[in-house]
1. Does region 671-692 include one or more residues that are surrounded by 16 or more Cβ atoms within 10 Å (Cβ to Cβ), of a type in the set (S, T, N, Q), in contact with a helix residue (DSSP H, G or I) (Cβ under 6 Å, 6 or more places away or on another chain) and outside any helix (DSSP H, G or I)?
2. Of all residues in region 466-512, which are acidic (Asp, Glu) and in a strand (DSSP E or B)?
3. Pick from region 693-722 the residues that are among the aromatic types (Phe, Trp, Tyr) and outside any helix (DSSP H, G or I): which of them is surrounded by the most Cβ atoms within 10 Å (Cβ to Cβ)?
4. Are any of the residues in region 514-529 in contact with a helix residue (DSSP H, G or I) (Cβ under 7 Å, 6 or more places away or on another chain), outside any strand (DSSP E or B) and open to solvent by less than 80 Å² (accessible area, probe 1.4 Å)?
5. Would you be able to tell me the number of residues in region 636-670 that are open to solvent by 30 Å² or more (accessible area, probe 1.4 Å) and of a type outside the set (A, V, I, L, M)?
6. Which ones in region 551-586 are open to solvent by 100 Å² or more (accessible area, probe 1.4 Å), within 24 Å of residue 668 (Cα to Cα) and without any contact (Cβ under 8 Å) to a residue 40 or more places away in the chain?
7. Just to be sure I understand, how many residues within region 534-546 are open to solvent by less than 100 Å² (accessible area, probe 1.4 Å), of a type outside the set (A, V, I, L, M) and not in a loop (DSSP other than H, G, I, E, B)?
Amino acid sequence: MMNLSNVQIVNFRNYSSTTFNFFGGANTIIGENDSGKSNALTAIRMLLDDSFYYSTKSLKESDFNKSLGNFRGHWIIISAEFENISDEESDKEVIATLREEISNASLSKGNACLIIRPNVRKRQELYDASENIFEFEDVRNSIRLSDYEFIYRGKMTTDFTDPIVYKEVVGDFENFTAPDPKEKQENDQYIGSRVDIKDINEHISVVFIDALRDVLRTVSSTSNPIKRIVEEIEDKISDSEFEDVKNKIKDLNESITDIEGIGDIKSDINNKLVDILGLVYSPDLSLSSNISDDLTSLSRFLKLRPQGEEDMNSLGLGHLNMIFIALKIVEYNKCSFREVLNIMLIEEPEAHIHHHIQRTLFQNLGIKDKSTQVIMTTHSPNIAESSEISRMNIVKSFNGFSVAMNPSKNLDSFGEDFLNTKISLSKSIERYLDAKRSTLLFSKGVILVEGDAEEILIPNLVKNSLGVSLDEIGIGLINVGSTAFEYIASLFSNERINRKCAVITDMDEQMVPMEIIIDERQKDGTSEKKLISNKLYKKGAAKKGKERKVKLDKLFQSNEWVKAFYAGSTFEIELAKVNDEIFSNVPSQIYEQESTITKWENKLSYSNDIFFEEELVATSDQVKCNAVLSLAENTGKGWLATIVAQIIAKSEEKYVLPEYIIDAIAFVSSESVSEKVVKKMIVHNTAEEIEIEDFLGNHNYKNDYPCLISFIKKWKKMEMFK
């Protein structure tokens, strides 16, 4: 069945140039508040919704993207592409008619477009003044909103999202030139053929359901979906089935007329007319009940109500919205033979709906008729976690400009070509990220880590050392649970999600001794020191770490959105290197016996090298690293991290983040951290209003806030390259 496959928006509101991709069934547009979700639906309605009237009188300067500076002369283009126009239904007159309007070379695809542009007189003046800077600008500045026209086209093949094509057809206003309007601007080859949008509206139905729709008023009005549903089934009801109803209505009319007092009303009216007009000129009126026995007329008396209630006033807005959505779907299912495609635009359906219902809403819309397509906007993590990434558009707003991102675009082919995947990469990621998808979708930057320890401790360390949380600077952290980062990281790219993604992983350089000394008990009851292999020494781990680095660096070397950051050894060891005492209080939180606690504390603070038969077995640093990893193995990395996180939260001491983690945070926060945010971070830490340069130059602050100093320096460096 035919479906809306993409919508291109050029120069409309906060969209400079972007494309939304859609599929049959249910689709989502996901984004935070004010990111442009509603403007996307407005653009679709301007083109396809005949109940949404927008014309030159409605046009405002704010409808033009502010990146244009001077909007005058520029065009707004909203283009919709349709696909899967089935040959099997070509015998349907509506299909044939619509194909005639929108299909070009391929009859399975079609296009409808709204172009908002200056009238031909102004476009001619721009062409005549081209290359004369002063005259050209005078013409541009003379253009008013009233000089703009709305034109509709079908079969357009020009990609106006391409800036080179846009300048060729519309004009290069930065260089004070505009093309001859008689050429490309009126040529069907470039802007499509003229269509009457009413003809398209007859075959494509659009309904908009906003979050605060007055459902009670709608279901009581003449546009009540129940009324239209009844109209569609009327010819399917036999006369014999309805005869009993007609007889009852006739009896009801007679009974009403026979009610005592009704006849008196008739007499009173006739007597008053005689008083006014006299016997000769006064008409003789009768008073009767005329309840229609026509089914369409009767349908307005049909109303929905909760079981045991008089009406729907007892229901909240959330349930009322869901009822209306259900009504419209039933209406579409019953009436779809009139339209080739029914599009339902739903704005933020999560409003007033319990989060459990939100989780099932996307999957359980109950759309069985393939001619119905749903596009819903949301900033609900619950709906985002339930929707498929292949049917998802993520809207990102940066510096006031929005762009639509399609996380699954060419993802499967990327997996086949670069990751050698044999199954769908998009489907695999969908299943893997079910519980973590909202972090990935709603964060302004993402950090991928390989284990529980990083997932638990990094957020706590960031809050402690920088004075702000990862959430406050818009960063989401996802535990991949392995070192297979490339699959999730591949979502971030120019053609998919345009957000920074940092991979934090270990090089696994072995910082523990290959062998350790143990006391082996002899048969005579004495003990003897013996050198044995250290089970914590992972032979080959460093080689795998280097191979992982080579793979990640090669895979993402030309991808500006993804970068890997490496720990020299392991996360716990790197943490211990820059925080001497960070694990020292852990034994007392785990063990009860003083002797055991003392033993672990001594290992963690050991300061001498160890020799066996005059040969060096382990340096003091190796002994401490071995103690850290041994403690993690005995306790469990996740549980050890939980204990350390509690110690950090209670402590007034400033802990230090390893430098590679600060590098990663600076990278992923490049779009969310501004000068204003940095100043807030300084105030939050020092409780003083200090300029950034003064903060960086203060030696006391360098000692008190080493991580914040390091982060700000890295942030400043990244700002220089934006």
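1. The answer is yes, given that some residue of region 671-692 is surrounded by 16 or more Cβ atoms within 10 Å (Cβ to Cβ), of a type in the set (S, T, N, Q), in contact with a helix residue (DSSP H, G or I) (Cβ under 6 Å, 6 or more places away or on another chain) and outside any helix (DSSP H, G or I).
2. 506
3. Within region 693-722, the match that is surrounded by the most Cβ atoms within 10 Å (Cβ to Cβ) is 705.
4. Checked against the condition, which is being in contact with a helix residue (DSSP H, G or I) (Cβ under 7 Å, 6 or more places away or on another chain), outside any strand (DSSP E or B) and open to solvent by less than 80 Å² (accessible area, probe 1.4 Å), region 514-529 yields no hits at all.
5. Matching residues across region 636-670 total 11.
6. Scanning region 551-586 gives 554, 557, 558.
7. Adding up the residues that qualify gives 1.
Residue-by-condition table, conditions (1) open to solvent by less than 20 Å² (accessible area, probe 1.4 Å); (2) touching a Gly at 6+ places or on another chain (Cβ under 9 Å):
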{"residue": "106", "(1), (2)": "no, no"}
{"residue": "117", "(1), (2)": "yes, yes"}
{"residue": "128", "(1), (2)": "no, no"}
{"residue": "185", "(1), (2)": "yes, no"}
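The values are calculated or read from the model by the stated rules, or taken from the named source; none is laboratory data. This is a predicted model, so every value here is computed, not measured. FYI the Cβ positions are ideal-geometry reconstructions off the backbone, even for glycines, and counts take in every protein chain you see. For the accessible areas, the whole protein counts, side chains as well, though only heavy atoms, and no ligand, DNA or RNA atoms are used. Shrake-Rupley method; radii C 1.70, N 1.55, O 1.52, S 1.80 Å.
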